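What follows draws every value from the coordinates through simple rules; no lab data is involved. Every value quoted in this text rests on a predicted model; they were computed, and no experiment measured them. Neighbour counts run over all protein chains shown; Cβ positions are idealised from the backbone, glycine included.
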Amino acid sequence: MEIRTDSTSLDIDRHEGNLIEELRSSSTKPVTEPSGWLSEDLKRNIFLTTVDNVLNWGRKSSLWTETAFTACCTFEFISLSSSRFDIARFGMEVLRSSPRHADLIITAGTLTWKMAPQIKRVYEQMAEPKWVIAMGACGITGGIFADSYSVVPGYNRILPIDVYIPGCPPRPEALLAGIELLRKKVEKRSFLQG
Amino acid sequence: MTVAITGEEVVGTLDKKLKGAVKSVESEGILIQAEKILDIALCVKNNKNLKLDYLVSITGTDYIDYLEVAYLFYSLDNNKRFTLKVRLENKSNPAMPSLTGIWIGAELQEREIYDLFGITFSGHPNMKRIFLWEGFRGHPLRKDFSNGN
């Protein structure tokens, strides 16, 4: 039975009644869950999320650092990577000698103009996505050597910086705080941004 | 302990010709004419009593009116040290003989002094900048150097 232009209101009511009866008779059992066909063990091992979440979770949990350390801030980083401060907790204990494997440059130390082309080259050889942490006074502005004839006044002259960590040198705790900031930045990345 | 040889003691060992090249005598060294440095260095190295056979370091200094290069020698046998100094008045084009022929260890230090003070060492096998890059303007340890900041 269908509704036409000359249908009476009773016809419309009957039509509605039929629909209700139909739905009621076909709904005698509860609707099964989408995962109902899965076995109990499988259900416990699958969860649904977004591509962004999974990618960013992977990226922030394995920020591999390039070994491109130029001066004394390195020792704070070495301390951080050793057992007392232990950056293995964040999946960062893998220090890469090849820029192809690295996600992060920590600019630990004074950079001279003579060394600058090599650091820039290492950065350019790293695969996207990649991040840079400017560590210490020299990394930020050149520090006490800012007026020197041979020192680059801040890594931001040659590289795009994501996080600045002040200190001369920053303690490992400060470096950890900076890394935590970077992890938050990585978390907010969107897949569509590239 | 290492003891310094007095300037008089060393001047006493030089022959007449070389004595004329000595400009002034100090307590731990002598100031000499730049062009005679090879002869005098050979003399103090080969002298049987002095045996100043080890070149410890070479230092450049800018005293505004002149540049000074100091050679610190050491005698391994006698445990004694001695300093030879040279003054270069011509600051626009300072030059002096190289000691690389006698001590090959002088090579890198003389290059460093050339790099930072602009002093040319004639006879040096590889006279070019060592720390700074080719094309850098000026010599940064000169007192009148400005890097334009």
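Near residue B:80, which lysines are there with a Cα under 30 Å away, not counting those fewer than 8 places off in the same chain?
Straight-line reach from residue B:80, under 30 Å: B:16, B:17, B:19, B:23, B:36, B:45, B:48, B:51.
What FRET efficiency comes out for residue A:189 versus residue B:134 if R0 is 41 angstrom and r is the Cβ-Cβ distance? Round to the nearest 0.05.
The computed FRET efficiency comes out at 0.45.
If you place +1 on the Cβ of every Lys and Arg, -1 on the Cβ of every Asp and Glu, and leave all else neutral, what size is the dipole of segment A:6-193 about its Cα centre, to the nearest 20 Debye? List each step's numbers first, then the result.
Values: 22 positive and 22 negative charges, 257 e Å.
Around 1240 debye, computed over segment A:6-193.
Where both residues lie in chain A, what percent of DSSP beta bridges are antiparallel, nearest 5?
Looking only at bridges with both residues in chain A, the antiparallel portion is about 10 percent.
Full-extension gain between residue B:25 and residue B:76, please, as 0.36 nm times their residue separation minus the C-alpha to C-alpha distance.
16.0 nm
Restricting the count to DSSP beta bridges whose residues both fall in the protein assembly as shown, what percent are antiparallel, rounded to a multiple of 5?
Rounded to the nearest five, the antiparallel share is 50 percent.
What Kirkwood hydrodynamic radius do you get for the protein assembly as shown when you take the inverse of the mean 1/r over all pairs of distinct Cα atoms, in Å?
Numbers: mean 1/r = 0.0371 Å⁻¹.
Here the Kirkwood hydrodynamic radius works out to 27.0 Å.
Average projected area of the Cα convex hull of segment B:3-93, in nm²?
Approximately 5.7 nm², given one-decimal rounding.
Starting from segment B:1-70, pick out the chymotrypsin sites (Phe, Trp or Tyr not before Pro) whose DSSP state is loop and whose Cβ has at most 10 other Cβ atoms within 10 Å.
Within segment B:1-70, the qualifying chymotrypsin sites (Phe, Trp or Tyr not before Pro) (loop, at most 10 other Cβ atoms within 10 Å) are B:63.
Treat each spin label as a single point 7 Å out from the Cα along the C-beta direction, and report the residue A:4 to residue A:42 distance in nm.
Taking the simple label geometry, residue A:4 and residue A:42 are separated by 5.1 nm.
Which loop-located trypsin sites (Lys or Arg not before Pro) does segment A:162-194 contain, where loop means any DSSP state but H, G, I, E or B and the Cβ has at most 16 other Cβ atoms within 10 Å?
In loop regions of segment A:162-194 (DSSP not H, G, I, E or B), the sparsely surrounded trypsin sites (Lys or Arg not before Pro) are A:188, A:189.
Restricting to segment B:3-93, compute how many DSSP beta bridges are antiparallel as a %, nearest 5.
75
Based on the Cβ-Cβ distance of residue B:126 and residue A:61, what FRET efficiency does E = 1/(1 + (r/R0)^6) give at R0 = 51 Å, to the nearest 0.05?
For R0 = 51 Å, the calculated efficiency reads 0.50.
Count the lysine pairs in chain A whose Cα atoms lie under 19 Å apart, taking only pairs 8 or more positions apart in sequence or on different chains.
8
Under 19 Å from the 7 Å Cα→Cβ point of residue A:89, by amide nitrogen: which residues of segment A:48-76?
A:60-65, A:76
Decide, for segment B:51-110, between rounded, prolate and oblate: order the square roots of the alpha carbon gyration tensor eigenvalues as a ≥ b ≥ c, take rounded if a/c falls under 1.5, and otherwise choose prolate if a/b is larger than b/c, else oblate.
The shape class here is prolate.
With only Lys, Arg, Asp and Glu charged, each at its Cβ (+1 for the first two, -1 for the last two), find how big the charge dipole of chain B is about the Cα centre; round to the nearest 20 debye.
I would put it at about 180 debye.
For residue A:31 and residue A:100, what does the FRET efficiency come to when R0 = 41 Å and r is the distance between their Cβ atoms, rounded to the nearest 0.05?
E(calc), rounded to 0.05, equals 0.20.
Got a sec? How would B:8, B:134, B:112 order by Cβ neighbour count within 10 Å, fewest to most? Let's see the in-between values first.
Working: B:8 11, B:134 6, B:112 16.
The fewest-first ordering by Cβ neighbours comes to B:134, B:8, B:112.
Order these by the 10 Å Cβ neighbour count, fewest first: A:152, A:122, A:186.
The most exposed by this proxy come first: A:122, A:186, A:152.
Stretch residue B:144-residue B:3 to full length: gain in nm at 0.36 nm per residue minus the Cα-Cα span?
Between residue B:144 and residue B:3, full extension yields an extra 47.2 nm.
Could you bin all the Cα-Cα distances of segment A:1-160 into 5 Å bins starting at 0 and give me the percent of pairs in each, rounded to whole numbers?
Per 5 Å bin, starting at zero, the Cα-Cα P(r) for segment A:1-160 comes out as 2, 7, 12, 12, 10, 8, 6, 4, 4, 4, 4, 4, 4, 4, 5, 5, 4, 2, 1, 0 percent.
List the chymotrypsin sites (Phe, Trp or Tyr not before Pro) within segment A:47-143 that fall in a DSSP loop (any state other than H, G, I, E or B) and whose Cβ has at most 12 other Cβ atoms within 10 Å.
Qualifying residues, ordered by number: A:47.
If you average the alpha carbon positions of segment B:16-76 and of segment A:23-68, how far apart do those two centres end up, in angstrom?
Using only Cα atoms, the two centres lie 82 Å from each other.
Across every pair of different alpha-carbon atoms, what Kirkwood hydrodynamic radius in Å does segment A:72-114 reach?
On the way: mean 1/r = 0.0859 Å⁻¹.
Computed over segment A:72-114, the radius equals 11.6 Å.
For chain B, what does -39500 (n - 2.57) per DSSP helix run (n ≥ 4), summed and divided by total residues, give at 222 nm, in deg cm²/dmol to the nearest 500? Walk me through the numbers on the way to the answer.
Working: 4 runs with 33 residues, N = 149.
Here the helix-only value at 222 nm equals -6000 deg cm²/dmol.
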